[in-house]
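Step one of this worksheet: look at the structure below.
The values are calculated or read from the model by the stated rules, or taken from the named source; none is laboratory data. Not measured: the values here are computed from a predicted model. For neighbour counting, all protein chains shown are included, and Cβ atoms are generated from backbone atoms with ideal geometry for every residue, glycine included. Heavy atoms of the whole protein, side chains included, go into the accessibility calculation; ligands, DNA and RNA do not. Shrake-Rupley method; radii C 1.70, N 1.55, O 1.52, S 1.80 Å.
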Amino acid sequence: MTSNAQIDLADLFAVAQKTIASHRQEINDLDGYNGNHGDNMVQNVQLIADALQQRRDQPPAAALEYASQRIQKEGRGGTSPYYAQGLARAAQQVQGRSGLTTQDALTVVQSLLAAVPTDGHPEQAQAGGSVLDLVLGMMAGPSSASQPQAQPSAQRPHSSPLGGLLKSLLPAALNLLQGQQSQEESPGMGEALLGALTGSQQLNPLQTGKPRPAAGGLLAQSLLSALSSRSDSYSETD
């Protein structure tokens, strides 16, 4: 996954919005507080997609910053400020780019998941780790803080070209979890996340049993799957 083809984030988020919408009720069912986390995520991801579409003719950093501002002002639910933070951080990380490569898109996904804590409220200190931590913990298996394990996917064939990526990139994820590398110092971590969410031993975010990781994981999963499909199609036409 090292394609230099330009990535259209508006299209990726439009795909992700459909995925979240298809699991809206399952996410709501995990929300024992308000019962509407799925509803909020459907609206928020649509808002992000619309904002990116409206700024499609601008540099990626400007489009992401605009999406961040829209979510901050118009987002629904207590999680929306975190996504605003993640989008703002992603904007900083792609400053100066005229377009986004596959690796840049992976950075955007990392920034989003790292910004969202698994529990708590915006005004509280977060001690439970981020959605990114949880997804990588699931990837690492039972030896990492007793996170749920990956569930074999019946929907993606084992012959997938991404099938071996999870195993090959697991050390990078473990290094991150152990604090040996920061997010910025772990360029392979985005691809490790890609393998975890789209490889032959695909993680099922709904298995986390929590609304934020379920919704965030599904968001990332759909973004990465769409990214993988587009990168593969670009490679075929090169």
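Counting only protein heavy atoms and using a 1.4 Å probe, the accessible area of S228 comes to about 0 Å². Take each peptide in 7-20, 203-216, count the other Cβ atoms within 10 Å of every residue, and average; sorted highest first, the result is 203-216, 7-20. Averaged over residues, the count of other Cβ atoms within 10 Å places the peptides 78-85, 97-104 in the sequence 78-85, 97-104, highest first. Amide H neighbours of L100 under 5 Å, counting only residues 5+ apart in sequence or on other chains, H built in-plane at 1.01 Å? The list, which skips near neighbours in sequence, is I7.
With 10 Å bins beginning at zero, the pair-distance distribution over Cα atoms of the range 1-95 amounts to 18, 45, 28, 9, 0 %.
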